[in-house]
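The values are calculated or read from the model by the stated rules, or taken from the named source; none is laboratory data. Computed from a predicted model, the values in this text were never measured in an experiment. Because the Cβ atoms are built from the backbone with ideal geometry, glycine has one as well, and the counts that use them run over all protein chains shown.
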Amino acid sequence: MVLMASTFLSSVFGLVRNLYIAWVFGRGMEADAFLAAFTLPDMISYFLIGGAASITFVTILTRYRDSGREPEGERSLSVILTSMFLVLGAAIALAEIFAPWYVHKWFNGFDAGKAALCVTLTRILLPAQLFFFAGGVFGAVLIVRKQFTVQAVAPLIYNLGTIVGGILLVHRLGVSSLAIGTVAGALVGPFLLNAVFARRDGVRYRPILDWHDEGLREWVRLSLPLMIGVSLVTADNWIIAHFASGTSGAISLMTYAKRLFTAPMAMLAQAAGVASMPFFASLWAKENRFEFATAVAESVSRVACMGLLAASAMVVLGEPLIDVVFVGGRFSRADATQCAAYFAVFSVSLFLWSAQSIYSRAFYAAGNTLAPMVAGTVITLISLPMYAGLYRAYGAMGLAVASDLGIGLQTLTIAWLLHKRRMVSLAGLDYEELGRCLLAGVVSSAAVWAVVDRLLHALGLQARMQSRWAELAVLVAGTVVWAVAADGILRMSGSALPRALRKRLGVS
């Protein structure tokens, strides 16, 4: 609950961040170049540190802690940090040199001006990966010790950095101000905050190089599959950006839609996944296999149920939501309509993103990163022709559909692998509760659709075009109708979810 609350606040900051970008740069060249500039740094992080420094460290440090060998774990932390500073630093230096070649190849739809700007922004953003890696390592120490507060605050500071950088420097540096603010946010939030609190908790980093260290070898063993493989969970954004570069403004609009979609997804999937990881790892380390399987299945059922409900609201309320939040400055209502269509399609897969996050962490907690790596790589390769074909047939909207189909295949494959290995049975899912939530989602969506349609006709198109308050009224009314309808259907069908949520939130 702490992480869900913090993720909500982080999403609010992230929303303000995207709102600022949309207002100032709209869907123009600067926005496309800035949002595309994150791709190379993200790729370097993924392929060199597995994109999961905290995940692998949680597994390793949990074992050290459970066996009473914490001092050895801290020494391994220093060894791994020192080793990866050298490796990652060298990779970033090479990326700075070859950034023009990369942008030309990956974003082959960019014209010369947009490509040159993207190169400049990419070079500014690259050093932030050092801060993310080191912060992830120190953050893992705090997670293992069940200290989640810092993990709650760090993302807020990171998002705030981009906003502050833009406000202070945009008139002097243009869109480069956003990149500078992003790097500053990564330094202060994910890195310094985690490092300071880990030190307060007694963790001491010392520069040590020891290629024979047990913890380093274990980290390499766990991380190597993540480094040499690729998961569609991460590659989805890269693939979308690659194809969307051929359509002017598509990267911006799809990124705005995807990041708005990411807010509830992060609350459900990432917060639950991060919080569950040390508990899953502890159960597996203690060989409590039945409790492990039950805990994973229950977690998947809960987040998938909430994902179905949230998606039902997001699909029908996406357009008024985006109108209220984004329209203004250089972001027009026509842009909002197109962005809302992408948002609705992405939202359909929310329950799948939520479920796969828990399933993947079940493998990581058991110390098995090879199986999900192989599965993820195969699925990504299989999905590439699907993205290409749907883009050729339906343009950028085809990419959104391909994203949903791809994550569905990813989720089903990981679930089947866990079932086949007798780690987490598919029979353990609460299918009755999932059915109730699906029914509640469909009925509440239909109710909202009817109410919103009537409201729009009552308000009139002209009033709607002229007043943000009219859109806000539609959004609020639709949300109330959805909540009442969903709650009513869940109660009538015998769902335990409303009661459980009220109990968790302390509401009678």
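Which count do you get for residues in segment 169-185 that are among the β-branched types (V, I, T) and farther than 13 Å from L126 by Cα?
Residues flagged as among the β-branched types (V, I, T) and farther than 13 Å from L126 by Cα within segment 169-185 amount to 2.
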Residues of segment 220-250 being under 21 Å from L352 (Cβ atoms), modelled with pLDDT under 90, among the aliphatic types (A, V, I, L, M) and part of a helix (DSSP H, G or I), in sequence order, are L226, L232, V233, A235
Considering residues that are of a type in the set (V, I, T) and more than 26 Å from A486 (Cβ to Cβ), the number found within segment 402-435 is 3
Among residues of segment 272-317 being in a helix (DSSP H, G or I) and of a type in the set (K, R), the residue farthest from S495 (Cα to Cα) is R289
If we ask which residues in segment 300-329 are surrounded by fewer than 24 Cβ atoms within 10 Å (Cβ to Cβ) and of a type in the set (S, T, N, Q), their number turns out to be 1
Of the residues in segment 171-219, those that are in a helix (DSSP H, G or I) and β-branched (V, I, T) come to I180, T182, V183, V188, V196
- Task: Kindly indicate whether L418 is aliphatic (A, V, I, L, M) and surrounded by 15 or more Cβ atoms within 10 Å (Cβ to Cβ).
- Result: yes
Hey, any hits in segment 109-132 for a residue that's within 20 Å of V196 (Cα to Cα) and either at pLDDT below 85 or among the basic types (K, R) (or both)? no
Considering only segment 375-397, I want to know if a residue exists there that is buried (at least 17 other Cβ atoms within 10 Å of the Cβ), under 17 Å from V315 (Cα atoms) and modelled with pLDDT of 90 or more. yes
- prompt: Within segment 116-126, can one find any residue that is among the polar types (S, T, N, Q) and assigned to a helix (DSSP H, G or I)?
  reply: yes
